[in-house]
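Okay, so here's the structure we're looking at.
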Amino acid sequence: MRRNVAKALGGIHDTQAVDPLIIALEDPDIKVRINAVEALGEIRDTRAIQPLIILLKDSNWSLQKQAAVALGKLQWQPPNTSLRIDYAIAKRDSAAMVNEGTVAVVPLISALEHSESLVRSVVASALGSIGDRRAVAPLMIALDDKSQIVRENAAEALGKLGDARAVEPLILALQDSEKDLSKSTANKDLRKNAAEALGKLGDPRAVEPLIHALPDSDQALRKRAAEALAKIGDIRAAEPLISAIKDTTAIKDAYEAFESRLSIAIALAHLKGSNVAASLADLYESGAFVPDHRISTGVASKLRELKRVFRYTLGEYGSEINPQILLQITLLKDYNVKIFSEYEFESNSTWKEEISLGGLRRVAQEELSRRRTASAE
């Protein structure tokens, strides 16, 4: 009965109901309290502002959120930093938290222990964006949070903070497949975020764990691990990346497997060294980057990116590459790869565009010409 009365009083918009509704905010029944908050928001009488502000820090997360909504309807603006932070937490407003800057770090760290997982996840993201390293240790603890989204956001935040203390916990998160949740999508997302974070940290301790992630059947994890290895730039990753490109068993879907090969090859091309250029030339010649099916513009953009970074590798290390390999590049089969726009790909329409290996040939020919000129002199 009390629940229905509180809800009905909001519907009639009578200011005489404000005082009884404020009293109802202390009712032992949480549903009565929530209905009273919603009613006060509908009536929009300023007498409700102070009692609603108090509820921003209530232990019940639903009550916190409804109090924030009601205050918004009353067009209330927090007058100081402390209340702005409380208001942002109650609203789950990550952007507002970040806007407060480093002054928000301590209360946000406390909010990582909030009872509601959505609040903890938003707070973890905000701490990463603020960039204050006081958050590193609490976020490392959050990697073991019972909520999947909190763990994922904590991993991402630690990558942004760039503190080497997070390397070992992130490696454990990357290896999370051995835990009870190993077959869930949630666990895979945590591992992907951990791989990306380790790439941002650039610590060589992560090289071997990232290499172990390359044969994974999850295309996105393979891609993130490869990209992380490219950022770290350790030449130990070259052979495992080449093996991952050649692996035809990890991903069953042919289209996903081809896209995965391209992503890993792009990462390989970012590693420095003439051996990398030679390996890429061999892979091109073997037809590893020639699809046996029609492809979308998304995949075509990766083909272009691969050719761009390969051209850079040739330009950077051309003088170190065996002339026979350079000659092999100039003789590569000129595969014309036909592609669709996304819409045309879905509708099985006509071919839209072509891309070729002409740029790679041109760079190799220029290097061979430079050598001939240098020899003649």
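At a glance:
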item: Residue in the stretch 240-263 that is farthest from LEU306 (Cα to Cα), counting only those that are polar (S, T, N, Q) and part of a loop (DSSP other than H, G, I, E, B); result: THR249
item: Residue within the stretch 208-218 that is β-branched (Val, Ile, Thr), under 28 Å from SER147 (Cα atoms), surrounded by fewer than 21 Cβ atoms within 10 Å (Cβ to Cβ) and outside the structural domain of LEU170 (by TED's automatic domain parsing) present; result: yes
item: Extreme residue, nearest to the chain's Cα centre (by Cα), among residues of the stretch 37-62 that are over 25 Å from SER82 (Cβ atoms) and not charged (D, E, K, R); result: ALA39
item: Pair list, Cβ under 7 Å, 6 or more apart: the stretch 157-176 residue in the same structural domain as ARG133 (by TED's automatic domain parsing), other residue modelled with pLDDT of 95 or more and among the acidic types (Asp, Glu); result: GLY159/GLU196; ALA164/ASP203; VAL167/ASP203
item: Residue satisfying condition, being modelled with pLDDT of 85 or more and under 34 Å from the mean Cα position of the chain (by Cα), within set LYS352, LYS302; result: LYS302
item: Those residues of the stretch 218-239 which are outside any helix (DSSP H, G or I) and out of contact with any helix residue (DSSP H, G or I) (no Cβ under 6 Å at 6 or more places or on another chain), in sequence order; result: GLY233
item: Hits in the stretch 100-110 (condition: over 24 Å from ALA164 (Cβ atoms) and surrounded by 23 or more Cβ atoms within 10 Å (Cβ to Cβ)); result: ALA104
item: Qualifying residue in the stretch 187-205 (condition: over 13 Å from the mean Cα position of the chain (by Cα) and modelled with pLDDT under 95); result: yes
item: Residue check for VAL276: of a type in the set (A, V, I, L, M), within 28 Å of ALA364 (Cβ to Cβ) and at pLDDT below 85; result: no
item: Matching entry among ILE130, ILE85 (being touching a Pro at 6+ places or on another chain (Cβ under 6 Å), more than 19 Å from LEU170 (Cα to Cα) and surrounded by 15 or more Cβ atoms within 10 Å (Cβ to Cβ)); result: ILE85
item: Every residue from the stretch 41-70 that is over 23 Å from GLU113 (Cα atoms) and without any contact (Cβ under 8 Å) to a residue 24 or more places away in the chain; result: GLN50
item: Index of the failed condition, ALA8 passing every other in (1) surrounded by fewer than 20 Cβ atoms within 10 Å (Cβ to Cβ); (2) at pLDDT 95 or above; (3) more than 30 Å from ASP144 (Cα to Cα); result: (2)
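The values are calculated or read from the model by the stated rules, or taken from the named source; none is laboratory data. Here the structure is a predicted model, which is why all the values come from computation and not from measurement. Positions of Cβ are generated from backbone atoms using ideal geometry, with glycine treated the same way; all protein chains shown enter the neighbour counts.
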